[in-house]
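Just passing along the structure, written as structure tokens.
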Amino acid sequence: MHELSICRSVADIVTRHAAGRRVTRVQLRVGALRQVVPDTLIYCWELAHADRPEAGVLAGSELAVESVPAAVRCRACGAHNELAVPVLRCAACGAADVDLVSGEEFLVTSFEVATDAAEA
Ligand SMILES: [Zn+2]
């Protein structure tokens, strides 16, 4: 499953950066053009680390997914528009000569660790 492998990658990244601290919440930013379903990501999060002891710092953690709409900047008229459908075309003038501004993000923007372990 696409989402499960994504969750495993995110779990790897966060586990590495947590350096043994217990993680309570992971914030993810996903562009609309990535074709991943936020709800499925959240569902897969538990599965992605449950069977891996090295990812034990993630036990009980929450995954929060922020969806970023696809947006383009038009080279013909300069308009900046968000795309309702994944067709790369300017909504202001109809030109297809546009630069993709957002929609392909896939970032772990932050994660929170339990304060009781922060001093360890
Ligand atoms: Zn335009």
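So for the pair R16, R29, with labels modelled 7 Å out along Cα→Cβ, what separation do we get in nm?
Taking the two extended label points, one gets 2.0 nm.
What does the charge dipole of the chain about its Cα centre add up to, to the nearest 20 debye, if the Cβ of each Lys and Arg holds +1 and the Cβ of each Asp and Glu holds -1?
The calculated dipole for the chain is roughly 260 debye.
Order the peptides 80-91, 15-26 from the highest to the lowest mean number of other Cβ atoms within 10 Å of their residues.
The most tightly packed comes first, giving 15-26, 80-91.
Let me ask another. Going toward the positive end of the dipole of the chain, with +1 on Lys and Arg Cβ and -1 on Asp and Glu Cβ, which of V87, T109, A64 do you reach last?
Of the candidates, V87 comes out farthest on the positive side.
Let me ask something else about it. Taking amide H positions as placed 1.01 Å from N in the peptide plane, with prolines and chain starts having none, which residues 5 or more places from A79, or on another chain, fall under 5 Å of its amide H?
Hits under the 5 Å cutoff: C74.
If amide hydrogens are placed 1.01 Å from N in the peptide plane, which non-local residues have theirs closer than 5 Å to the one on V113?
T24
So how long is each side of the stretch 1-91 along the principal axes, counting just the alpha-carbon atoms, biggest first, in Å?
53, 25, 15
Using only Cα atoms, find the angle between the long axis of helix 2-18 and the longest principal axis of the chain, and express it within 0 to 90 degrees, rounded to the nearest 10.
Between helix and principal axis, roughly 60 degrees.
So, one more: Calculate, in nm to one decimal, what E112 and A96 gain on full extension: separation in residues at 0.36 nm each, minus their alpha carbon distance.
1.6 nm
Next up: I'd like the distance between the alpha-carbon centres of the stretch 68-88 and the stretch 16-34, rounded to an integer number of Å.
Using only Cα atoms to place each centre, the spacing works out to 28 Å.
May I pose another question? I want the antiparallel fraction of DSSP beta bridges within the chain, as a percent rounded to 5.
Just about 65 percent of them are antiparallel.
Coordinate-derived values only; no laboratory data. Just so it is clear, the structure is predicted and the values come from calculations on it, not from any experiment. A quick note on method: Cβ atoms are made from the backbone with ideal geometry, for glycine too, and the neighbour counts reach across all protein chains shown.
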